[in-house]
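Read through the structure below, which is laid out as structure tokens, and then see the notes.
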Amino acid sequence: MTIRPASPDDVDVMCRIIGRHASEGLMLPRSKSGLLTALQHYLVADVDGNVVGCGGLQPYSAASAEIYGLATAPGESPRGTGSAIVQELIRKARAHNLSKVFALTLAPEFFRKLGFRVVEHHELPLKVWTDCVACPKFGHCDEIAMVLDLF
């Protein structure tokens, strides 16, 4: 398995993978145009030329970024695909001298195993006031905010 930057040719598969999880209420959907716009932030997991997972790193400040859009293809991705994507996103964050990364998730144990800790949403004010206010879950969000301090 190779973790590499996403390309425009990957977007349809990324949309399908994310869409499957979104249809089950496990994550928010991402449109094809939204993925294309944010493509420079995404990595994909590639197995023999087939994309089996994706995840993005969205900068929020000079010190922090969000890991988002993390999804793997059920039945197609090898064990550890999600962790491999997150580890590469963390390496990318460190390379940009960020001091922390965060995620909003319905899978806190996954992130806890990678060293993240639970925080209150209000500890991520830039995220809340930039994105969350426009989310259909705003005011009744069931996602758990988690942070990983990098330095």
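Is the shape of the range 49-116 rounded, prolate or oblate, going by the alpha carbon gyration tensor and its root eigenvalues a ≥ b ≥ c, with a/c under 1.5 for rounded and a/b larger than b/c for prolate? Walk me through the numbers on the way to the answer.
Values: a/c = 2.14, a/b = 1.64, b/c = 1.31.
Prolate, because a/c is 1.5 or more and a/b exceeds b/c.
Rounded, prolate or oblate for the range 1-118? Axes are the square roots of the Cα gyration tensor eigenvalues, ordered a ≥ b ≥ c, and the cut-off for rounded is a/c under 1.5.
Rounded is the answer for the range 1-118, as its axis ratio a/c remains below 1.5.
Under unit Cβ charges (Lys, Arg +1; Asp, Glu -1), what dipole magnitude, rounded to 20 debye, does the chain have relative to its Cα centre? If you can, show how the numbers build up before the last one.
Working: 15 positive and 16 negative charges, 48 e Å.
Using Cβ point charges on Lys, Arg, Asp and Glu, the chain gives about 220 debye.
Run the helix sum for the chain: -39,500 (n - 2.57) per DSSP H stretch of 4+ residues, divided by residue count, reported at 222 nm to the nearest 500 deg cm²/dmol. Before the final figure, lay out each step's value.
On the way: 5 runs with 46 residues, N = 151.
Calculated at 222 nm, the ellipticity per residue is -8500 deg cm²/dmol.
Using only Cα atoms and rounding to the nearest 10 degrees, what angle (0 to 90) does helix 81-95 make with the longest principal axis of the chain?
The helix 81-95 is inclined about 60 degrees to the chain.
With θ set to phi - 60° and the Karplus curve 6.51 cos²θ - 1.76 cosθ + 1.60, what are the ³J(HN,Hα) couplings of the range 13-27 in order, to the nearest whole Hz, using x for Gly and Pro?
5, 4, 4, 5, 5, 5, x, 5, 5, 5, 5, 8, x, 8, 7
Taken together, the values in this text are just the output of simple stated rules run on the coordinates, not laboratory data. Keep in mind it's a predicted model, so treat the numbers as computed, not measured. In this analysis, Cβ positions are derived from the backbone assuming ideal geometry, glycine residues included, and neighbour counts consider all displayed protein chains.
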